[in-house]
1. Any chance region A:4-20 includes a residue that's more than 24 Å from B:Ile184 (Cα to Cα), in a helix (DSSP H, G or I) and either open to solvent by 30 Å² or more (accessible area, probe 1.4 Å) or of a type in the set (Val, Ile, Thr) (or both)?
2. Tell me, yes or no, whether region B:28-50 has at least one residue that is part of a loop (DSSP other than H, G, I, E, B) and at positive phi.
3. Suppose we keep only residues that are touching a helix residue (DSSP H, G or I) at 6+ places or on another chain (Cβ under 7 Å) and touching a residue at least 24 places away in the same chain (Cβ under 8 Å) within region A:117-138. Which one would you say is farthest from the other protein chains (Cβ to nearest Cβ)?
4. Here's a check for you: in region B:205-220, which residue that is within 30 Å of the chain's Cα centre (by Cα) and not charged (D, E, K, R) is most open to solvent (accessible area, probe 1.4 Å)?
5. Quick one: which residue in B:Ala118, B:Ala21, B:Ala99 is modelled with pLDDT of 85 or more, within 14 Å of chain A (Cβ to nearest Cβ) and closer than 30 Å to B:Arg191 by Cα?
6. Looking at B:Leu372, B:Leu356, which one is open to solvent by less than 40 Å² (accessible area, probe 1.4 Å) and either in a helix (DSSP H, G or I) or among the polar types (S, T, N, Q) (or both)?
7. From the list A:Gly93, A:Gly55, A:Gly75, which one is over 17 Å from the mean Cα position of the chain (by Cα), surrounded by fewer than 22 Cβ atoms within 10 Å (Cβ to Cβ) and not hydroxyl-bearing (Ser, Thr, Tyr)?
8. List, please: which pairs have Cβ atoms under 8 Å, are six or more places apart or on different chains, and start with a residue in region A:139-166 that is facing chain B (nearest Cβ under 8 Å) and end with one that is surrounded by fewer than 16 Cβ atoms within 10 Å (Cβ to Cβ) and assigned to a helix (DSSP H, G or I)?
Amino acid sequence: MSSPQANAAPIYGYLAEFDDKDALFACAKAARARGLTEIEAYTPTPLHGLPEILGYKNYVPHMVFMGGLIGVLTGFGLCYWVSVLEYPLNIGGKPFNSWQAFVVPTFETMILFASLTAVFGMIILNGLPQPYHPVFNVEKFARCSSDRFFFIVLSRDPKFDLNETRRFLAEQKALSVDEVPH
Amino acid sequence: MSQSTHHADQDALIGPGHTMATLTDKISDIVLTKKHPLQWFAVTGIAAIFASLLALTVVNLFFTGIGVWGPNNPVGWGFDIINFVWWIGIGHAGTLISAILLLLRQEWRTSINRSAEAMTVFAVMCAGMYPLLHTGRPWLAYWLLPIPNSMGIWPQFRSPLIWDVFAVSTYATVSMLFWYVGLIPDFAVLRDKATKKVQKVVYGMLALGWRNAARHWDRYETAYLLLAGMSTPLVLSVHTVVSFDFAAGIIPGWHTTVFPPYFVAGAIFAGFAMVLTLSIPLRIWYGVDDLITDKHLDNMAKVLLATGWIVTYGYGLEAFMCFYSGSTYEEFMLLNRLQGPYAFQYWSLLLTNCVLPQIMWVPKLRRNIWALYFVAMSVNIGMWLERYVIIVVSLHRDFLPSSWGMYAGSRWDWAMFLGTLGFFTTMFMLFIRFLPMISIAEMKALVPHKPGLATGSRHAAAHH
């Protein structure tokens, strides 16, 4: 336990550990009710409803839609440019712009672009790859990927207070509350 | 009350007494600490020998040319396309399990989806080798792609063959992405559980720094669901396009509209047979019958039975259309299948694909691993024969009797086929050794949630 300092935050935040998801939900709701904003929960499996409590906007669907749209334009554009403008070939008397036949490559590029956007969009929006993160400094955090739930209040939260926030987390049904060093 | 409890046990998707922690330990220990059974070493060793045989056949092919294979005039397509279609079809069950069953909220997919996705990736690798190698000059395979080249020529986008390039390369890419995304949280589990430095570093890098944050999970689930939603039409399009390779030609027996649905059903049929072929030994060797339960085997057998009937309907409709069309060539093609030089292959495929799987109507046999293994092997062989019959029988009797011929795979054909089987098995065994063969993160969602205990997610709790 380091002694609290007055102004500059000496730690990254406080990490509370739970063995039950209901307690985690209660803690997240209580934190929002107190007006804390720089908060995050860590859970072994996705818990529906939790991100809404934490408050954020998920932009993955918008990105995937744009990716798919660009895929459609790219695929059809490629077929059209090759078959009509750059290298027109008379194949069985079919029109140069045989758009029905171009549907298949266009469909495949749409799926390809949208899938790549979904995966890399998710990874980038999540700020990954991130080799270092302060929460890993807490040894017991390794159990998060097994069966423990964690809740963190970051020191950069305007309402963060070394004593107040710690007391708030201790009042929840937490197994432990730890300091997270930077 | 006691009866319903008994019934619930029999149909449980997860063995009794599992918590999130025991699941995590059980699955990750197989990779991190468990000693692998003798069978693992035996199978991997033998498979690696066959994988080396593949390397040998490829070298021979490069130095000699595709003359070492069996195709001739009039049978210009042989083992290369038969095996391509067989392998890519096998891959489709993996996508079906991971994508379509996810969208249909079939929770039983969870313990088999990881290994089925691995199977997909390796099967697509085997499939992809054939079109590349059958060009004869694989170092010029980039000519297939629409990229600027010194000859100033471009692909012809009205041909199903270029559609195949787009469909298969997209499918390979998306299958690998889907598999990797599913693995990210499990890599994080392995990183956190690992005791050896090298394991910690390697799995840590692969996990990309995943830390199970709630916001991350939300974006992750969205991306995963969208991938599933896109893989579903993708997988249907891939085998449809593969069937267009045939259906767009005017060869008797190929030029038919039933091909796309019947090819897709056949692909799922073959793929489920391969999933059973792989998961039954896993269950025994690694004692995971509390995760891949009898209920899973039962469901897979039912899918096998259902898709088997779609395929059977396809065979029936094909035969009917040969007479109904009034085309002499079509009619001759069917009679030639029934009593021509390849009649043995045709009747064998009807036996292995349509008749033998019918034992799955008996509920007891659906939970008997020996009966299941027998049926799975029967379908593996039957679906290979199906492609053999479609390709060889239609081609070997050309329109003019003066152009008739016969086809048989050469020993290099057979060596390469055995080689891809060895490569596939080796890759799958390495997957078992180094990656969690069951999705840890998804299995945890199936643990029933008891308030006050460290278990379960809301999703599972709402379900019970």
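The values are calculated or read from the model by the stated rules, or taken from the named source; none is laboratory data. Here the structure is a predicted model, which means the values were calculated and not measured. All Cβ positions, even for glycine, are placed from backbone atoms using ideal geometry, and neighbour counts span all protein chains on display. Just so you know, the surface numbers come from the protein's heavy atoms only, side chains and all, with ligands and any DNA or RNA stripped out. Shrake-Rupley method; radii C 1.70, N 1.55, O 1.52, S 1.80 Å.
1. Checking region A:4-20: not a single residue is more than 24 Å from B:Ile184 (Cα to Cα), in a helix (DSSP H, G or I) and either open to solvent by 30 Å² or more (accessible area, probe 1.4 Å) or of a type in the set (Val, Ile, Thr) (or both).
2. no
3. So, considering only residues that are touching a helix residue (DSSP H, G or I) at 6+ places or on another chain (Cβ under 7 Å) and touching a residue at least 24 places away in the same chain (Cβ under 8 Å), the one farthest from the other protein chains (Cβ to nearest Cβ) is A:Thr117.
4. B:Met205
5. On the way: B:Ala118 fails: within 14 Å of chain A (Cβ to nearest Cβ); B:Ala21 fails: modelled with pLDDT of 85 or more.
Result: B:Ala99 is the single residue among B:Ala118, B:Ala21, B:Ala99 that is modelled with pLDDT of 85 or more, within 14 Å of chain A (Cβ to nearest Cβ) and closer than 30 Å to B:Arg191 by Cα.
6. On inspection, the qualifying residue turns out to be B:Leu372.
7. Exactly one residue qualifies, and that residue is A:Gly93.
8. From residues that are facing chain B (nearest Cβ under 8 Å), the pairs are A:Arg148/A:Lys140.
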